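**Student:** First, the structure itself, so that you have it in front of you.
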Amino acid sequence: MLKRILTLIVAGLFAANFAAASVILFGTYTWTGTELGESNRLNRIAPASTFSAPKSYPGSLASAGGGYTIVGVLGFSTVAWLDIDVTSTSTCCQSFVAAYLDSYDPLALATNYLGDGGESPSTTFGPEHFQVIVPAGHSLVLVGQTVNSRTLALGNNFSFVVDQVPEPATVSLAAGGLLPLLLAARRRKA
């Protein structure tokens with residue numbers, strides 16, 4: 001009986017971890033052609049940033065007539081583990097989203113870079129998904145960039161959702177702490 005109860009507790013912890021993810025920012029942006037210009041853009045190089053493998057700055061490429069927009073800024077008082085999903089109804093890859101820490105400078109793309117999905121979202125290639133960790137006392141700055149010129153991106157759009165999730169190790173630690181109890185219950189029964 002104790003084994004069954006402890007198994008239910010462990011299963012509940014795992015379920016609670018996934019259910020505890022909460023949407024903290026979402027929206028849709030359509031390129032208007034009036035965005036601020038930039039001479040370079042972030043390079044799109046897979047793989048995407050993840051909690052277990054943060055991505056280093058991927059470099060930049062010349063962007064003739066490219067543009068950017070800041071689609072969201074969020075401050076955190078504690079460490080934030082963030083899942084970021086970006087989709088697009090565009091068939092071509094005209095935009096992508098990157099995350100920065102505290103601020104974004106179009107003249108210094110490497111400064112404060114946190115991560116990106118490594119590709120552009122589109123109906124052809126699918127959604128962009130990446131993860132970043134924002135330290136306590138800092139802010140996430142979510143930046144959309146055009147791949148080519150603002151004219152080519154005109155009318156294309158992307159939607160984004162930022163979920164804050166519990167630290168992945170939390171559930172593992174809780175489950176690991178309950179494992180000895182399960183083993184003890186099993187030994188008592190034998």
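**Student:** From ILE84, ILE70, ILE45, grab the single residue that is over 13 Å from the mean Cα position of the chain (by Cα), closer than 20 Å to VAL162 by Cβ, in the same structural domain as ARG150 (by TED's automatic domain parsing) and in contact (Cβ under 8 Å) with a residue 60 or more places away in the chain.
**Tutor:** On the way: ILE84 fails: over 13 Å from the mean Cα position of the chain (by Cα); ILE45 fails: closer than 20 Å to VAL162 by Cβ.
Among ILE84, ILE70, ILE45, only ILE70 is over 13 Å from the mean Cα position of the chain (by Cα), closer than 20 Å to VAL162 by Cβ, in the same structural domain as ARG150 (by TED's automatic domain parsing) and in contact (Cβ under 8 Å) with a residue 60 or more places away in the chain.
**Student:** Quick one: is THR89 modelled with pLDDT of 80 or more and surrounded by fewer than 20 Cβ atoms within 10 Å (Cβ to Cβ)?
**Tutor:** Values: modelled with pLDDT of 80 or more: yes; surrounded by fewer than 20 Cβ atoms within 10 Å (Cβ to Cβ): yes.
Yes, satisfied.
**Student:** Counting only residues that are touching a residue at least 60 places away in the same chain (Cβ under 8 Å) and of a type in the set (Ser, Thr, Tyr), which one in the stretch 123-169 is surrounded by the fewest Cβ atoms within 10 Å (Cβ to Cβ)?
**Tutor:** In this case the residue turns out to be THR151.
The values are calculated or read from the model by the stated rules, or taken from the named source; none is laboratory data. Treat the numbers as computed from the prediction; the structure is a model and nothing was measured. Please note: Cβ atoms are built from the backbone with ideal geometry, for glycine as well, and neighbour counts cover all protein chains shown.
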